[in-house]
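The values are calculated or read from the model by the stated rules, or taken from the named source; none is laboratory data. This is a predicted model, so every value here is computed, not measured. All Cβ positions, even for glycine, are placed from backbone atoms using ideal geometry, and neighbour counts span all protein chains on display.
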Amino acid sequence: MLSLGVKNLKRIKLSKNIKILILNLPSPPKMDVCRDFAGGYGVAWPAKRGSYGQSRKPIFNPFIPYIMTSLSGEGLECYVIDGQQKKLDDKGVIQYVNKINPDLIISMIGLP
């Protein structure tokens with residue numbers, strides 16, 4: 001079992017037979033979001049794009065391969081959805097999540 005600390009409040013025990021989804025949410029319409037900038041607080045700026053995704057090619061997010069390697073190295077079944085790269089809208093994200101049907105979703109949230 002892998003044990004993850006959660007802000008020193010408690011420990012979570014994960015059995016190796018769970019399915020984990022690492023989810024990078026798409027940027028909303030008219031805004032580009034980089035969740036790992038500014039020390040992990042995230043930044044956002046206006047965009048002319050009227051759809052979900054990212055205006056330019058998304059900037060490499062080091063969180064995704066880091067957490068994927070850490071979890072899969074422990075023998076856990078992991079999947080990744082990069083909503084920015086795939087330019088998914090909210091319905092597209094939900095379809096992917098339903099298809100994978102994970103037991104646990106890990107995602108970064110930015111303050112902007």
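Couple of notes before you dig in:
- The number of residues in segment 81-99 that are of a type in the set (A, V, I, L, M) and crowded, with 16+ Cβ neighbours inside 10 Å comes to 3.
- Only residues that are outside any loop (DSSP other than H, G, I, E, B) and either among the β-branched types (Val, Ile, Thr) or closer than 16 Å to residue 29 by Cα (or both) were counted in segment 83-112, giving 13.
- For segment 5-59, residues that are surrounded by 14 or more Cβ atoms within 10 Å (Cβ to Cβ), hydrophobic (A, V, I, L, M, F, W, C), under 26 Å from residue 77 (Cα atoms) and modelled with pLDDT under 80 total 1.
- Checking residue 75 against (1) within 17 Å of residue 18 (Cα to Cα); (2) in contact with a strand residue (DSSP E or B) (Cβ under 7 Å, 6 or more places away or on another chain); (3) in a loop (DSSP other than H, G, I, E, B), the condition it does not meet: (2)
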